[in-house]
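The values are calculated or read from the model by the stated rules, or taken from the named source; none is laboratory data. These numbers were taken from a predicted model, which means no experiment stands behind them. Don't worry about glycine lacking a Cβ; one is built from the backbone with ideal geometry, like all the others, and counts go over all protein chains shown.
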Amino acid sequence: MNQEENNALTEALENTLSTVQDDFVRESLMSDSFLDFVEQNTKPIDQMFAYYRCAILEVETKFNVLDESLSVQLERNPIESIKSRVKSVESLLRKMRRKNVPLNLSAIEENIHDIAGVRVICSFPDDIYELADAFLAQDDITLIKRKDYIKDPKPSGYRSLHLIVEIPIFLKDGKRNMKVEVQFRTIAMDFWASLEHKLHYKHDLPPERAKVLADELRNCAEQIELLDMRMQAVRNEIVTYNEENPKDASFPGFPMFDE
Ligand code: 0O2
């Protein structure tokens with residue numbers, strides 16, 4: 001076959017493929033039965049996502065309350081920021097495919113634990129455990145799973161404390177328990193994870209270069225762990241000094257409140 005015939009054949013094949021694709025979309029994805037299926041299923045899915053957004057609101061409120069109350073005792077806010085998200089549909093479908101989850105809502109709620117995600121960014125490593133303990137001690141929180149990637153970092157170098165918890169949300173017609181993944185990190189751990197996440201998904205390097213960069217990122221994670229430990233040590237020294245040298249705040253003879 002000469003070049004001209006080859007080009008003509010390629011073009012004919014591409015046209016046929018395009019027609020087949022078009023027919024498939026019209027007959028399957030635009031068929032009455034599929035559109036009826038979408039209509040019937042959209043509302044329960046929207047409802048499920050709304051319940052997860054409610055659960056996020058409940059968890060965020062708990063951390064805002066903890067931050068506010070601990071700020072008096074610690075004389076600083078242990079939480080730097082809170083970031084929340086409901087998992088994207090694409091990410092949810094990928095995870096369902098990976099974990100072979102059946103295509104129904106109760107199977108999704110049972111098997112996918114991070115549809116609602118709350119990330120609590122703390123100042124110091126110790127704050128993470130103090131906040132996690134205070135959160136878990138609340139009697140409407142049930143711990144489902146704990147993954148401590150600070151004590152046992154992932155091979156990538158990733159460090160955070162993950163808790164999967166169940167929390168009730170209160171609706172017009174009753175109570176519903178929802179699963180939420182709470183990730184705790186320091187600012188330094190968050191800095192690393194955010195940049196690593198961006199770099200991880202945006203390269204197409206040959207395997208040997210990818211390995212060199214993965215080693216470099218793991219090395220950065222180790223440096224960040226050291227920085228966290230040094231900042232924690234500075235804070236501990238200040239706290240110890242203040243405990244050993246308390247300021248006398250009471251006006252002599254006129255205590256404003258009883259101790
Ligand atoms: P998204 O939706 O983009 O946030 P499991 O459910 O236990 O079977 P899973 O969910 O893979 O398995 O659990 P894992 O690994 O404990 O937690 C996954 C989430 O932790 C990720 O969400 C990230 O937010 C974070 N994470 C885990 N490992 C890394 C890492 O090496 N680098 C960074 N930057 N983040 C990490 P997803 O899956 O990205 O979902």
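Some points to look at:
- Summed over the stretch 65-93, the residues that are more than 30 Å from Glu130 (Cβ to Cβ) and over 16 Å from the mean Cα position of the chain (by Cα) give a count of 1.
- Within the option set Leu93, Leu66, being within 16 Å of the ligand (Cβ to nearest atom), modelled with pLDDT of 85 or more and part of a helix (DSSP H, G or I) holds for one residue only, Leu93.
- Figure legend. Inter-residue proximity from the stretch 161-182: first residues closer than 10 Å to Ala55 by Cα, second residues surrounded by 11 or more Cβ atoms within 10 Å (Cβ to Cβ) and of a type in the set (Gly, Ala, Ser), beta-carbon distance below 6 Å, spacing 6+ or different chains. Indicated pairs: Ile167/Ala55; Ile169/Ala55; Met178/Ala55; Val180/Ala55; Val180/Ala116.
- Filter result for Lys172 (farther than 26 Å from Arg235 by Cβ, among the basic types (Lys, Arg) and within 14 Å of the chain's Cα centre (by Cα)): no
- Any pair with Cβ under 7 angstrom, 6 or more apart, that starts in the stretch 148-160 at a residue that is under 13 Å from Arg218 (Cα atoms) and assigned to a loop (DSSP other than H, G, I, E, B) and ends at one that is modelled with pLDDT of 95 or more and within 8 Å of the ligand (Cβ to nearest atom): Tyr158/Tyr149; Tyr158/Ala193; Arg159/Tyr149
- Failed item in (1) within 10 Å of the ligand (Cβ to nearest atom); (2) surrounded by fewer than 21 Cβ atoms within 10 Å (Cβ to Cβ); (3) under 17 Å from Ile56 (Cα atoms), with Ser156 passing the rest: (3)
- Just one of the listed residues (Glu166, Glu181, Glu196) is within 16 Å of the chain's Cα centre (by Cα), of a type in the set (D, E, K, R), surrounded by fewer than 20 Cβ atoms within 10 Å (Cβ to Cβ) and within 13 Å of the ligand (Cβ to nearest atom), namely Glu196.
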